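Reading through the C-alpha cells given below for one structure.
The values are calculated or read from the model by the stated rules, or taken from the named source; none is laboratory data. On a predicted model such as this, the values are computed, not experimentally measured, just so you know. Here the Cβ is made from the backbone with ideal geometry for all residues, glycine too, and neighbour counts use every protein chain on show. SASA here: full protein model, heavy atoms, side chains in, ligands and nucleic acids out. Shrake-Rupley method; radii C 1.70, N 1.55, O 1.52, S 1.80 Å.
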Amino acid sequence: MKGDWVEIVVDAGDTTRTYEMAATRAGRRVETQVRRGVVEVSEITRSGTVVRTARFMANRVLALVEHPVPREDAAQEPAR
C-alpha cells in the first residue's frame, strides 16, 4: 500500500549503510523475500509486476525493518 516502506541496514565493512524501499504509488506494495543467501526487497504493482528490486547478501544484512502505514479500516473496527 502507498506509504509502506522497508528499511535495510547493511554491514559495509568498516561502517553500516541504510537503504530504504517504499511503495511510491497507490496500489503498490513492498515485499521482502529471503532465499539462497540473498535478501530481496521488491516494489510490486496490483497486477504483480515488479517495478524495482533491491538485493543484498543475507550475511551482510544487520536489520530489516518493515514500516506499514496504519490502515484506516483496522483502526475503526471494535475488538470482539
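Taking the range 10-31 as the range and being open to solvent by less than 50 Å² (accessible area, probe 1.4 Å) and closer than 14 Å to H67 by Cα as the test, the residues that pass are M21, A22, A23, V30. Within the range 44-53, the set of residues being open to solvent by less than 50 Å² (accessible area, probe 1.4 Å) and either touching a residue at least 24 places away in the same chain (Cβ under 8 Å) or part of a loop (DSSP other than H, G, I, E, B) (or both) comprises T45, G48. The set of residues from the range 15-38 being small (G, A, S) and either assigned to a strand (DSSP E or B) or touching a Leu at 6+ places or on another chain (Cβ under 8 Å) (or both) comprises just one member, A22. Per the conditions (1) closer than 12 Å to E7 by Cα; (2) surrounded by 12 or more Cβ atoms within 10 Å (Cβ to Cβ); (3) modelled with pLDDT of 85 or more; (4) not polar (S, T, N, Q), the sole criterion not satisfied by A63 is (2).
Could we say that V41 is assigned to a strand (DSSP E or B), modelled with pLDDT of 90 or more and under 10 Å from the mean Cα position of the chain (by Cα) here?
Values: assigned to a strand (DSSP E or B): yes; modelled with pLDDT of 90 or more: yes; under 10 Å from the mean Cα position of the chain (by Cα): yes.
Answer is yes for this residue.
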